[in-house]
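Worksheet for the structure shown next.
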Amino acid sequence: MSRPVDQAKNAETFLADTVHEQRLDELLWAMRMRRDAAARQVPEWEELRTLASEIKEHTLSNLSQYLIQFEARATANGMIVHWARDAHEHNQIVYDILAEQGIDALIKSKSMLTEECELRPFLERRGIRVTETDLGERIQQLDNQPPGHIIGPSIHKTTKDVAVLFSQKYGSDPNNEDAAYLAGVMRENTRPDILKAHAGMTGANFVVAETGAIVVATNEGNADLSAHTSPLHICSVGIEKIIPTRESLAVFIRLLTRSATGDTITQYTSTFRGPRKGATMHVILVDNGRSARLGMKRFWHSLKCIRCAACMNTCPVYRRSGGLSYGSTYMGPIGIIMMPTFEIRKYSELPFASTLNGSCTNVCPVKIDIHEQIYGWREVMEENGQIQVVKKEAMRVADAQPSDPLPDRHGHTVNRTGSPSPLRHLQPLECMGQAPGCPGSHNRNIS
Amino acid sequence: MQAALMVPCYIDMLYPHVGIATLELLEKLGVDVVYPKDQTCCGQPMANSGCYEEARATEEHCAKVFGSFDCVATPSGSCTHHIRNKFTAGADSPERQNLVRNTYDLVEFLHDVLRIREFPWATFEHRVALHTSCSAIRGLNMASMSEHVHDPVFSKPQALLSGVPGIEFVEFERVDECCGFGGTFAVTEEAVSAKMGYDKLAFIQQATPDCIISSDMSCLMHLQGCARRQKQDIPFYHFAEVLNGVSL
Amino acid sequence: MSSSQALSRNTILDSVRANQPAAQSMPTIPHFHTNNPTDLVATFCESIARMAGVVVTDHVPDLDSFLRTKFPNAKVICSAIPEYGGTTQPASLNHWSEASTIDVCILRSPMGVAETGSILLSDIELQVNTIAFLAHDLMVLLDTKQIVANIHDAYQHTYFNLRPYSVLMTGPSGSGDIGGIVVHPAQGVRSLTVLLSPAPDAGQRTG
């Protein structure tokens, strides 16, 4: 059992680095502004959000039926469909597929699910070399760091950081921070791996039950690359990614990229319905706690998530903490409400990494009530005795006990005249934890 | 008309002048104000920490004290948001339902119930940065939310303050980004909370206001602390004080 | 299906069935045509330009000289259209990786999308799918009569129900992963040019 991630302490460390914190905050706020500008171009924006939410709620409440439909259609299309109950089973299935063909090198595009399952270390321990083809994922792989953001895994790194990293790994010029130059360095160094690949792996943004298709959206085309540059394509996808029809797909495609980056669509939005001639395509449907989460009355709406990261971009806490501070696969607001379902103790502090301001809920394209779920998780943590002693103590200390006599009805307060508050080292808070009254109750001032 | 005045515990303890200003303002407007003396707290701090058991007794007490009034006004968006939208720790009762239905933030009370727009006894010839709390915006719909790009832009506190002769509002960036207070958050995530406050102050200061006004004292308290730590000398006023006729 | 797979499948489906909330109905999805722009070609051009794609609206009488002027260093010009030979054709590629030797490939797309500036390609147009992301530059012919208004219209195309691979491509490949600065290109094609030109047999459609 893991100790709880101390997100607050990690955030404090991140904040001490003013260069990186300021850059991340500005960059992601700019993404939020781009999202706003894109939404303004779509008069039916709010209607699309409602439709997306309702489509997901319909699908999730009929999930078994759609899973079976997808399996049948995908199989008819020539895909081989697998089922994985948990992360370990998923990883084993991937390994078995590769081992059966004697393959020891795999290229893959970005998949948060494979991060969740910790696929790469599993395969690497068994002698399979894995090369990430997504630029941001590759940067993080080279640096031995997990992704810090679900759309831009290396977004917390400056161009200088990347230049230094590439010079260490690829021998490029450490002083050339030009992004185009660095992208070229990456392209040159990964192209040989890609062209020699014997197996490629992708995730999926959406799974269409009606047509037996998987849909992947990238700006680099690296998922298309990963899927095509070998006769073996493995696609891993969470069971909650299913949507019923092509028609419903359109709603999500219109919302996804606008919410994520403010563009109308990604440069490559691809539909895979089956293997090409002479090739094999596997789809692994992964549960890993999703079916259990479906039964959580207060929290199952988190399964609607389409992984756009709009919540992270708008979250003022995320932008000042950095994605790595959460110590989790999924971070920011959506991470707070998902991660406790994986490991409640390890992520017991996350629901408190929020001011409950509600901006996340407002930008979520599928209308997940994120901040309300964060509030709900706090109660769960308290009920399950998960609130750390230290945190509880801090909350009690915040109990306002002014030592100065209170001013009279017509007087000025100490704050008004500028002299230090008796609780100068803390922001004085509302009364804490002393039901039914608060300490001030005996000294009610106004009468 | 009659209204019960709920004064948030932290205002009573630390900023009683805000409670007094609210009282005086309501009396100026002809409201018969009742101040129940055994009021304590709305339960928000405990509930926001997940401590529902502790919140329960507080909320039930609050319902008992205020539940018989047709109108309850309070100079706090966060308390109003808690009562209207999250008042679930205590047992249900007619008093609880009454309280949920009849509690108004001061802004709402003036704007929607009394429908007042002019405050002839006040003047405030200053450049004002108006900060509206997240509870007020997203919990109580007191102003438009920047995320909802198609909604018409509006602000009830600004509409009311516009009735004070001389006020000039400055515009600043990230107008509805959270100030970082967040209740317990300010203690448990002090570094991030403070940074959010410093950033908000920086955006506000770029617009060179003479002062900062809000209808939520908790935000002001936080920003005030941040300003003090940065040795920034900018005055802070609660919305009620300005409408009541305070001068700089 | 192996017995262990059958077990996994049944376990998952049982768990889903036990947990799924009360069934909620599927909404009706409008196609939002009342909000569509009236000049689809102009909208298409604006949309693709935002994604660093290029549109050529003028009539091009001689495709070969046009290509050689636009791509003066191109040695391998692959043509996937019957009316032009180029230096090579997709059928000549022996292996998917050989698409990386193509300097520029010219193809015809059966559909453009005004809302996003996307063009549709499938295994039919590409013939060798890897051309879509291994060739250096792409030149795509598009009949203006085949530009649809929005994404709702786009996903009505039968390719999405019939082809093993279909892609909506919008401009050249790009990435913002390095310090948040968007660069073109990243892994895929370096440039995408759309040439507006009537389809040879405009009345007929493949797919």
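Every read-out reported here was derived from the displayed coordinates using simple, explicitly stated rules and does not represent laboratory data. Predicted model, so just to flag it, every value in this text is computed and none were measured. Using ideal geometry, Cβ is built from the backbone for each residue, glycine included, and neighbour counts are taken over all protein chains shown.
Taking the Cβ of each residue in A:T190, C:T88 as the centre, tally the other Cβ atoms inside 10 Å and list the residues starting with the fewest.
Numbers: A:T190 20, C:T88 16.
Ascending number of Cβ neighbours within 10 Å: C:T88, A:T190.
The mean count of C-beta atoms from other chains within 10 Å of the C-beta of residues in C:22-33, rounded to a whole number, is 6.
Along the charge dipole of region C:36-196, Cβ charges K/R +1 and D/E -1, which of C:I81, C:C45, C:G112 sits furthest on the positive end? Looking along the dipole axis, the top candidate is C:I81. The calculated FRET efficiency for the pair B:L29 and C:Q127, based on their C-beta separation and a Förster distance of 51 Å, comes to about 0.05. If you run the Gaussian network model on chain C, springs between alpha carbon atoms under 10 Å, then out of C:V56, C:V113, C:V182 the most flexible one is C:V182.
Phi-derived couplings, Karplus 6.51 cos²θ - 1.76 cosθ + 1.60 at θ = phi - 60°, listed residue by residue for region B:87-103: 8, 10, 6, x, 5, 6, 6, x, 5, 4, 5, 4, 4, 4, 6, 9, 8 Hz, with x used for Gly and Pro. Taking a sphere under 11 Å around the Cβ of B:C134 and counting the other residues whose Cβ falls inside, with K and R at +1 and D and E at -1, yields a net charge of -2.
Counting other beta carbons within 10 Å of each residue's own, what order do A:F352, C:F44 fall into, fewest first? Please list the in-between numbers first.
Numbers: A:F352 25, C:F44 28.
In increasing order of surrounding Cβ atoms, one gets A:F352, C:F44.
The charge dipole of region A:45-288, taken about the Cα centre with unit charges on the Cβ atoms of Lys, Arg (+1) and Asp, Glu (-1), comes to about 520 debye, rounded to the nearest 20. Projecting the Cα atoms of B:Y198, B:Q158, B:G225 onto the charge dipole of region B:108-248, computed from C-beta unit charges around the Cα centre, puts B:G225 farthest toward the positive end. Charge dipole (Cα centre; +1 on Lys/Arg Cβ, -1 on Asp/Glu Cβ; no other charges) of chain B amounts to roughly 120 debye.
Note on chain B: GNM, Cα springs under 10 Å; of B:P209, B:P75, B:P235, the largest mean-square fluctuation is that of B:P235. A dipole drawn for the protein assembly as shown from +1 and -1 charges on Cβ atoms has a positive end, and of A:H233, B:A122, B:I167 the residue lying farthest that way is A:H233.
Panel order for A:M79, B:M145, by other beta carbons found within 10 Å of each beta carbon, from fewest to most: B:M145, A:M79.
About its Cα centre, how strong a charge dipole does chain A have in debye, to the nearest 20, once Lys and Arg get +1 and Asp and Glu get -1 at the Cβ? List each step's numbers first, then the result.
Details: 50 positive and 51 negative charges, 57 e Å.
In total the dipole reaches around 280 debye.
Annotation: Cα Rg of region C:1-68 relative to the compact-globule expectation 2.2 N^0.38 Å equals 2.37. Give the angle, between 0 and 90 degrees and rounded to the nearest 10, that separates the Cα long axis of helix A:45-61 from the longest principal axis of the Cα atoms of chain A. With rounding to tens, the tilt is 70 degrees.
Just the number, please: Stokes-Einstein D of region C:36-196 in µm²/s, Kirkwood Rh from C-alpha pairs, 25 °C, 0.890 mPa s.
Details: Rh = 16.0 Å.
So the translational diffusion coefficient is about 153 µm²/s.
Each Cα pair under 8 Å and six or more residues apart adds its separation to the average, and for chain A the resulting relative contact order is 21 percent.
Let me have the relative contact order for region A:45-288, percent, based on Cα pairs under 8 Å that are six or more residues apart.
Normalised by residue count, the contact order of region A:45-288 is 28 percent.
GNM on chain A, alpha-carbon springs under 10 angstrom: the most fluctuating residue among A:P153, A:P121, A:P43 is A:P43.
Working note: Karplus 6.51/-1.76/1.60 with θ = phi - 60° gives region A:118-132 the couplings 6, 5, 4, x, 4, 6, 5, 5, 9, x, 9, 7, 10, 10, 6 Hz, where Gly and Pro are set to x.
Label sites at C:R17 and A:N175, each approximated as a point 7 angstrom past Cα along Cα to Cβ, lie 6.9 nm apart. Under 5 Å from the amide H of A:K346 lie the amide H atoms of A:S2, each residue being 5 or more positions distant or on a separate chain, with H modelled from the backbone and absent for Pro and chain starts.
Partner lysines whose Cα lies under 24 Å from the Cα of A:K56, excluding those fewer than 8 positions away in the same chain, are identified as A:K110, A:K241, A:K297, A:K304, A:K367. Summarising the amide proton neighbourhood of A:F206: residues at separation of 5 or more, or on other chains, whose placed amide H is nearer than 5 Å comprise A:V215. The Cα center of region C:57-103 and the Cα center of region A:45-86 differ in position by 40 Å. Taking θ as phi - 60° and the Karplus parameters 6.51, -1.76 and 1.60, the scalar couplings of region B:41-57 work out to 8, 7, x, 4, x, 6, 5, 5, 8, x, 8, 5, 4, 5, 5, 4, 4 Hz in sequence order, x denoting glycine and proline.
Less than 14 Å Cβ to Cβ from C:V167, Lys/Arg counted +1 and Asp/Glu -1: what total charge do the surrounding residues give?
Once positives and negatives cancel, what remains is -1.
Charged neighbours of B:T123, selected by a Cβ distance under 15 Å, balance to -3 (K, R count +1; D, E count -1). Angle of helix A:246-260 to the longest C-alpha principal axis of chain A, folded into 0 to 90 degrees and rounded to 10: 50°. For the pair region A:145-220 and region B:226-248, the centres of their Cα atoms are 50 angstrom apart. Taking amide H as placed 1.01 Å from N in the peptide plane, B:F169 has its amide H under 5 Å from the amide H of B:V128, each at least 5 places away in sequence or on another chain.
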